[in-house]
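Notes to accompany the following structure.
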Amino acid sequence: MPDPIIVTKQLVEETFDGAAPSYNSIWFFKECGQQLIELLPIDAGAKVLDVATGTGMVLMPAARRIGPNGHVTGIDISNVMLQQAKQAVKMSGLKNTDLLKMDAEHLEFPDASFDVITCGFGIFFFPPAALREMYRVCKPGGVIGVTVFEKTTRDPRLPIEIFSQQSKDYGLEFKKEVPTPPGSFAPGEVELLLSNYGFNHIKSL
């Protein structure tokens, strides 16, 4: 039996360094980043912190939304991700962003620094200290918006399910499963997670 993998910050950083070159080709992250910003009540001129900014899929639509008088700071543990984000920001012509290498567990900002905090598909990588830090740097009455994968019941109309059932009807065993993405949350679990760290008025969409 192989030894269990011990997840360290170095391993996370190296993993995302390696994944960075292909991230911009994944349309799903870009679309979800845009939708997250559209759903949040963000005012022009707001100060935004994008945690685990990656290649800037949330950061850039946020920067466009808040306009030239606002500012978005993106942080990530991966230098290669940040380099990809910097290139994307430069090509977009946006001037109201900063990109910093930073650990989400140790946010180097004063209390109540930001009107809005965003995190696209990242909170499931964080220990509790990171959520406490996000709460600390969010202004009273501020907003946090996150995206996660959703746990769902399996739909019997899916082609994979139909094929599986037909195989059983013919006396064959078809074992292929549709995996649940890592870091998935059932409805209500995100609300409970965030409420445990001080956030309130939480809504899942």
Query raised in the report: For residues in the stretch 66-87 being in contact (Cβ under 8 Å) with a residue 60 or more places away in the chain and buried (at least 17 other Cβ atoms within 10 Å of the Cβ), which is nearest to Phe121 (Cα to Cα)?
Result: Asp76
Report summary line: Counting only residues in the stretch 105-126 that are touching a Pro at 6+ places or on another chain (Cβ under 9 Å) and of a type outside the set (Asp, Glu), the one surrounded by the fewest Cβ atoms within 10 Å (Cβ to Cβ) is identified as Ala112
Query raised in the report: Taking interchain pairs and intrachain pairs at least six residues apart, which have beta carbon atoms under 6 angstrom, with the first residue in the stretch 42-53 and under 11 Å from Gly67 (Cα atoms) and the second part of a loop (DSSP other than H, G, I, E, B)?
Result: Ala44/Gly67; Gly45/Asn69; Gly45/Gly70; Ala46/Gly70
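None of the figures in this text is laboratory data; all of them are computed from the coordinates on show. As the structure is a computational prediction, the values presented were derived from the model and not from experiment. Every residue, glycine among them, receives a Cβ derived from its backbone with ideal geometry; neighbour counts consider all protein chains shown.
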